[in-house]
Amino acid sequence: MGVFIVDFRDNYYLAGFVDGEGCFMIKESRRRGGLRSQFQFVFEITLRADSLYLLLNLQDAFGGYMRYRAGQKGRPMAHPQYRWKIVSRKDICGLVDYFDAFPLVLKAQEYRVWRTAALLYFDYSVGNKGGTHSNPTWLALTMRVRKAQLSYLKRYNVPREDVGGSQITSQLELTVGR
């Protein structure tokens, strides 16, 4: 089996692949005793270990990092896997630029919710000293709404118009304006 080299940034390959295998997540964490939440935006694809060459090519093109996960004993179908993750602001912004140029089809709603929340959060964290969105309570509430919308979309696979809080969604897209 030969290794192929493709410029993934200039075609729909990744978009089609992500529609089938990709995952967009918003994670929330609080430091002990801390009142402010921190949010992390994660994109990942997990594949069997025999597809590592593909994930390495995607990592070269888009950044991120790789994790290995061994198969579990007692589960004959649980093969070793590699997980490619993107969490850094720079790499996520590059991914946003890519998906804006090469739109998703099946995961378009999930991506829109994730994208808007990520750009809003990044805008806040850069300009939080009196910037556009200087209220941390408002931002945390908004991120929780986005996280809930993303979970709802994943669970029930509903069209975007049916998602609760559609007024907030529209308002946030206007606010981010990207």
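Number of residues in the range 83-104 that are of a type in the set (A, V, I, L, M), part of a helix (DSSP H, G or I) and within 11 Å of the chain's Cα centre (by Cα) equals 3.
One residue stands out in the range 99-113 among those that are surrounded by fewer than 17 Cβ atoms within 10 Å (Cβ to Cβ) and of a type outside the set (A, V, I, L, M, F, W, C): the one that is nearest to G20 (Cα to Cα), namely P103.
Among the residues of the range 58-75, is any among the acidic types (D, E) and at pLDDT 95 or above? Steps first, please.
Going through the range 58-75, the residues among the acidic types (D, E) turn out to be 60.
Pick out the ones that are also at pLDDT 95 or above and you get none.
Checked against the condition, which is being among the acidic types (D, E) and at pLDDT 95 or above, the range 58-75 yields no hits at all.
Residue by residue, here is whether (1) touching a Cys at 6+ places or on another chain (Cβ under 9 Å); (2) among the small types (G, A, S); (3) crowded, with 17+ Cβ neighbours inside 10 Å; (4) closer than 17 Å to F17 by Cα holds:
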{"residue": "T46", "(1), (2), (3), (4)": "yes, no, no, yes"}
{"residue": "L58", "(1), (2), (3), (4)": "no, no, yes, yes"}
{"residue": "H79", "(1), (2), (3), (4)": "no, no, no, no"}
{"residue": "I86", "(1), (2), (3), (4)": "no, no, yes, yes"}
{"residue": "V96", "(1), (2), (3), (4)": "no, no, yes, yes"}
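The values are calculated or read from the model by the stated rules, or taken from the named source; none is laboratory data. Keep in mind that this is a model prediction, so the values were computed, not measured. Positions of Cβ are generated from backbone atoms using ideal geometry, with glycine treated the same way; all protein chains shown enter the neighbour counts.
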